[in-house]
Amino acid sequence: MNSFYDEVLEEIESLMKDKKYHEALGIVERELKMPYVPRDFEKKLLGYKRDIKFYINDKKDGTSISIDNVLNKLKGKAESQLAACVALSKMNLRDFIDEVQDYLSKDPYPEASAYLLEAIAEQGLPDEFTLVRDGVEYNFYGDSLTPVSESKGYLEARELLFQWLENNHPDMLEMCKVVLAHKVYMFLPLSYDEGEGYTLALDVLQEVSSLIDDNETYNEIVDKNNKLN
């Protein structure tokens, strides 16, 4: 790599050090658009581009963590994977398609991968992904996924739980909301369709009832709905 390219890289590094991330990104994108970009130079530019975009998006405490550290956490244990996926879910995943595809294909920690699947759905990525979960392989396109917040089955179940519990059992309702959200997130890349909300709501209610040893409320609601139907 000749002195010109070295000087460009030094300028980018200097701007990043001074936290002038947008200026640094402008130089990176300018160089990437040149008619000829040496392979080694391009590789470094793409690395800087990923880091800069992460820095720009990281607003939590005024500090920045290298995107390479985040991506390395995807190879770690459950807690590391979870931290990495939470961070990535807040970013533009189009910049990390290869890494996300690789991660999902290796039977990742379910709670962690759920964050990425929801982000993929929300961002409508057109790319194809393969998720391996407990040895089962799911192939899907990102823009075919339904975000949890738009899942008709989820919305239907949530509304039923409010009808059943809001007035007389508000504490139980809060627990059911948490269990419902977890269940739907963990169902990704699949989603609950319209008409499946009633069964889903009953499953959630039964699970929470067992946890707090309150089968009486569950039985009352089931009996009431059986009479209505």
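FYI, it's all coordinate maths here, none of it is from the lab. Fair warning: this is a prediction, and the values are worked out from it, not measured in the lab. Every residue, glycine as well, gets a Cβ built from its backbone with ideal geometry; the counts of neighbours run over all protein chains shown.
Quick notes on this one:
- The calculated FRET efficiency for the pair Asp171 and Ser144, based on their C-beta separation and a Förster distance of 45 Å, comes to about 0.75.
- Distant-in-sequence amide H partners of Leu190 (H built 1.01 Å from N, under 5 Å): none
- When the convex hull of its Cα atoms is projected in every direction, mean area for region 148-228 (nm²): 5.0
- Kirkwood Rh (inverse of mean 1/r, distinct Cα pairs), region 67-144, angstrom: 12.2
- In order along region 115-129, the phi-based Karplus estimate (6.51 cos²θ - 1.76 cosθ + 1.60, θ = phi - 60°) of 3J(HN,Hα) comes to 4, 5, 4, 5, 5, 4, 5, 5, 8, x, 5, x, 6, 8, 10 Hz; Gly and Pro are listed as x.
- Rg/Rg_ref, the chain, where Rg_ref = 2.2 N^0.38 Å and atoms are Cα: 1.34
- Cross-link pairs exceeding 18 Å in C-alpha to C-alpha distance, out of Lys43/Lys73; Lys20/Lys53; Lys73/Lys106; Lys19/Lys43; Lys17/Lys44; Lys152/Lys183, comprise Lys43/Lys73; Lys19/Lys43.
- If a spin label sat at a point 7 angstrom from the Cα of Phe4 along the line to its beta carbon, the backbone N atoms of region 24-55 nearer than 19 Å would be those of 27-46.
- Estimated vicinal HN-Hα couplings, Hz - region 214-219 in sequence order (Karplus 6.51, -1.76, 1.60; Gly, Pro = x): 10, 6, 5, 4, 4, 5
- Dividing the Cα radius of gyration of region 3-57 by its Kirkwood radius returns 0.94 for Rg/Rh.
- For the chain, the relative contact order comes to 12 percent (Cα pairs under 8 Å, sequence separation of at least 6).
- Between Lys224 and Leu155, residue separation times 0.36 nm minus the direct Cα-Cα distance comes to 22.7 nm.
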